[in-house]
Amino acid sequence: MKHLKTTLLLLTLFILSHLLNAQSEGLKKIDFFIGEWSIESVDILPNGTYQKSKAKSIVKYILDGYAIQDDFLSLDKNNNIVFRGTSIRSYNPRTNKYQIVWIMPGYKGITDISAELKDGKLVSTGKGYDYQGDFLERFEYYDIKNDSYKFKMDRSYDNGKTWIENFGRFTATRIK
């Protein structure tokens, strides 16, 4: 019986080690995010007009390298923070997809996101809610280079019947 317990313990440790290693390796595929970014954004307002703005993103590994946190800070003309959001990205080796949660502290809103790398893009879909109600999202990070990338997002508030295209889009340039 003692040998069986020891064998089961060693097997469990091996499986956990393998899963954690696979998770870490999956995150390395998107480590281009790690760093500090200056963002030039164009967002759609509730009245349908577009507004240019700037933001800053600080991205780092957390939880001993098994997740990535992205702090997104919208800035006013004087570089004061006017909005904060954060995402936590992890990799699920069983599905070969990234699981992401986006939250907006101080605002009503959260998004549950699934993403995967396709043709050099990080392609994502999600669902969540904000002050306008429940929504679906589809977005992608594209034109990914060492020192820049682009982002575009579409959103639907009617369960995918109609989409607000370019609900948000930006270009990020590496600062650090």
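Readers should treat all values here as calculations from the given coordinates under stated rules, not as data from a laboratory. Keep in mind that this is a model prediction, so the values were computed, not measured. Positions of Cβ are backbone-derived with ideal geometry, glycine not excepted, and every protein chain shown enters the neighbour counts.
In sequence order, the range 115-121 has phi-based couplings of 9, 8, 7, 9, 6, x, 10 Hz under the Karplus curve 6.51 cos²θ - 1.76 cosθ + 1.60, θ = phi - 60°, and Gly or Pro positions carry x. Taking the fewest neighbouring Cβ atoms within 10 Å as the starting point, the ordered list for W163, W37 is W163, W37. Our note on the geometry: Cα centres of the range 146-176 and the range 65-131, 11 Å apart. Modelled spin-label separation between N96 and K121, with each label point placed 7 Å from Cα along the Cα-to-Cβ direction: 1.9 nm. Computed about its Cα centre, the charge dipole of the range 2-174 is approximately 360 debye, with only Lys, Arg, Asp and Glu carrying charge at their Cβ.
For the chain, the longest principal axis of the Cα atoms and the long axis of helix 2-28 meet at an angle of about 30 degrees.
Listed values (1) 16.6; (2) 19.6; (3) 17.8 include one computed from this model; for Kirkwood radius over Cα pairs in Å that value carries the label (3).
Computed from backbone phi with θ = phi - 60° and the Karplus coefficients 6.51, -1.76 and 1.60, the 3J(HN,Hα) list for the range 69-79 is 10, 10, 8, 10, 10, 7, 10, 8, 4, 9, 6 Hz; x is used for glycine and proline.
Once both labels are positioned 7 Å from their Cα atoms along Cα-to-Cβ, the gap between V42 and I88 label points is 3.5 nm. Ordering L73, L122, L45 from the fewest to the most neighbouring beta carbons within 10 Å gives L45, L73, L122.
With θ taken as phi - 60° and the Karplus curve 6.51 cos²θ - 1.76 cosθ + 1.60 applied, the whole-hertz 3J(HN,Hα) list for the range 127-136 is 9, x, 8, 8, 5, 8, x, 6, 8, 10 Hz, x standing for glycine and proline.
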